[in-house]
Amino acid sequence: MGGEIKERGGGDAGTSATTSGAEIARNRHHIYGTGHLLISMIIYGINPVLEALQSEDSAPDRIWITRGTSNPRLQKIIEKAQSRDIPVRFESARVVANKASTSHHQEVVAEIASIGYTDEETLLEAAPALLLLVDGVEDPRNLGALLRTAEAAGVEGVFLPNRRSCAITGSVIKASAGAALHLKISRIGNVVQTLENLKKRGYWVVGLDAQGKDGLHQINVSLPLVVVVGGEHQGVRRLVREHCDFLISLPMKGQVSSLNLSVAAGVLLYQILLRREEADN
């Protein structure tokens, strides 16, 4: 497994691992009946590309791998791509780096047609029991880490504001280890209006705030919940806090005064998950 990955078709620059007739033709700028907005974008890194290959909505159109690489995990990508008739091209390190626009690509880059944006009403049609609303996270690494935690903790939908919030980019998907591709994500215009709409549908709004006075024990976790987390600089905004039913702070026993965003959100989300599992049993 330590030798070069075998390239089908000769291995010359631009060689495809499948025939050109197998390339998937997609319209990148329309909305399907599912409410998913399709926008072509580049992702990179082994885990994100593997996760994309397992996704129906975000399967790659094509994949590029650095010629001559020996990472055995890339062979798994090649095999999965071939099983789905997705073209794999072997290129020079320079070409792959240029496509990724970063050197942190782990020798693999893919183009996907969908980033999974779903309109608000479509997201809510399935009556998800746990939602996440992100109020102003602007750093792609922070957002990616948060989405990775949310997906693992069973969050069924995420709301991202159109303003003061990072969009889903290749950097976000890389930081999420591909988890962002498995989440239903909706871009929203007005956070307060979205919260009011959720309340009318029976959701209770739980804000994660350092100054919060409520405890998780006060919340009936069997009810539909939306967890609100704030941005890196000012946390949950005042007007948004005023529309939360509960403001939760995490007890801090050590010398540090705070946790990073994804860790703090993970603690709260997993507490909800564990309490729900206990109630079910």
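Scanning the range 166-186 for residues that are in contact (Cβ under 8 Å) with a residue 40 or more places away in the chain, part of a loop (DSSP other than H, G, I, E, B) and farther than 12 Å from residue 124 by Cα returns 168, 169, 176, 177, 178, 183.
Only residues that are buried (at least 20 other Cβ atoms within 10 Å of the Cβ) and among the hydrophobic types (A, V, I, L, M, F, W, C) were counted across the range 203-220, and they come to 3.
Go through the range 72-99 and give me each residue that's in contact (Cβ under 8 Å) with a residue 24 or more places away in the chain and either more than 14 Å from residue 50 (Cα to Cα) or outside the structural domain of residue 43 (by TED's automatic domain parsing) (or both). If you could, list the steps in order and put the result at the bottom.
Taking the range 72-99 as the starting set, the residues that turn out to be in contact (Cβ under 8 Å) with a residue 24 or more places away in the chain are 72-78, 80-82, 84-93, 95-96, 99.
Answer for the range 72-99, where residues must be in contact (Cβ under 8 Å) with a residue 24 or more places away in the chain and either more than 14 Å from residue 50 (Cα to Cα) or outside the structural domain of residue 43 (by TED's automatic domain parsing) (or both): 85, 87, 89, 90, 91, 92, 93, 95, 96, 99.
What about residue 151, is it among the acidic types (Asp, Glu) and either within 24 Å of residue 263 (Cα to Cα) or not in a helix (DSSP H, G or I) (or both)?
Criteria met by residue 151.
Set side by side, the residues 237, 164 differ, and just one is farther than 30 Å from residue 56 by Cβ and over 18 Å from the mean Cα position of the chain (by Cα), which is 237.
Filtering 184, 200 for residues that are assigned by TED's automatic domain parsing to the domain that holds residue 146, buried (at least 18 other Cβ atoms within 10 Å of the Cβ) and of a type in the set (D, E, K, R) leaves a single hit, 184. For the range 72-141, the helices (runs of 4 or more DSSP H) that sit wholly inside it and include 2 or more residues that are buried (at least 22 other Cβ atoms within 10 Å of the Cβ) are 72-83, 93-100.
The values are calculated or read from the model by the stated rules, or taken from the named source; none is laboratory data. What you see is a predicted model, and the numbers here were worked out from it, not measured in a lab. Positions of Cβ are generated from backbone atoms using ideal geometry, with glycine treated the same way; all protein chains shown enter the neighbour counts.
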